[in-house]
Amino acid sequence: MRAAVADTGPLRYLVLIGAIEVLPRLFERVFIPEIVHAELRHAHAPATVRHWAEAVPSWLTVVPTPTVQDADLGLLDAGERAAVALATEIRADFVLIDERAGVGVARARGLRVTGTLGLLDRAARRGLTDLPSAFAALKATNFHVRQELLDALLARHPREDGQHE
């Protein structure tokens, strides 16, 4: 079974750009800790994200936030901390996280990590999304990324006319 545990960031941005439905096509099971669910429903979250989180889809499982005793995880925010702890606990195939500190801690624990860009890249390779359109939508949000990284990812994907971007 291909299972993933998600932090708030990737879910938030996939919802905002209308690409959230790639997750159940990429993973058999997606889990989030209750704290991540609460962050998605927070009053400061975009209305689209709050609305989506009020009625989570059947492919998403909200689980109790794990108790964390590890000092390394104490450096992370609550959602990241819980996502990494849960991914470790259930031996998830992937942890979905964008923030550098969280990525570093997760990798140090031997977890496979991907974030919003990696998810969109995987989805595009499977023909589930149009990468240039997804990146354009992502740039319209407050997602921070260097243009060079987007260009490098786009260069790996052929256009419909058989050429690379």
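The values are calculated or read from the model by the stated rules, or taken from the named source; none is laboratory data. Just so it is clear, the model here is predicted, and its values are computed rather than measured. Quick reminder, even Gly has a Cβ in these numbers, built from the backbone with ideal geometry, and neighbours come from all protein chains shown. Protein only, heavy atoms only, side chains kept; ligands, DNA and RNA dropped before computing areas. Shrake-Rupley method; radii C 1.70, N 1.55, O 1.52, S 1.80 Å.
Quick rundown of the values:
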| item | result |
| --- | --- |
| Residue list for the stretch 90-117, filter: open to solvent by 20 Å² or more (accessible area, probe 1.4 Å) and of a type outside the set (A, V, I, L, M, F, W, C) | Arg91, Asp93, Asp98, Glu99, Arg100, Gly104, Arg107, Arg109, Gly110, Arg112 |
| Subset of the stretch 18-62 that is under 18 Å from Arg122 (Cβ atoms) and in a helix (DSSP H, G or I) - its residue that is most open to solvent (accessible area, probe 1.4 Å) | Arg25 |
| Selection from the stretch 63-89 of residues that are farther than 15 Å from Arg107 by Cα and either exposed (fewer than 12 other Cβ atoms within 10 Å of the Cβ) or in contact with an Asp or Glu (Cβ under 6 Å, 6 or more places away or on another chain) (or both) | Pro64, Thr65, Pro66, Thr67, Gln69, Ala71, Gly74, Gly79 |
| Residue within the stretch 64-78 that is farther than 21 Å from Asn142 by Cβ, of a type in the set (A, V, I, L, M, F, W, C), in a helix (DSSP H, G or I) and under 16 Å from the mean Cα position of the chain (by Cα) present | no |
| Every residue from the stretch 111-136 that is of a type in the set (Asp, Glu) and in a helix (DSSP H, G or I) | Asp121 |
| Residues of the stretch 79-102 satisfying the condition of being under 13 Å from the mean Cα position of the chain (by Cα) and either part of a strand (DSSP E or B) or among the acidic types (Asp, Glu) (or both) | Glu80, Phe94, Val95, Leu96, Asp98, Glu99 |
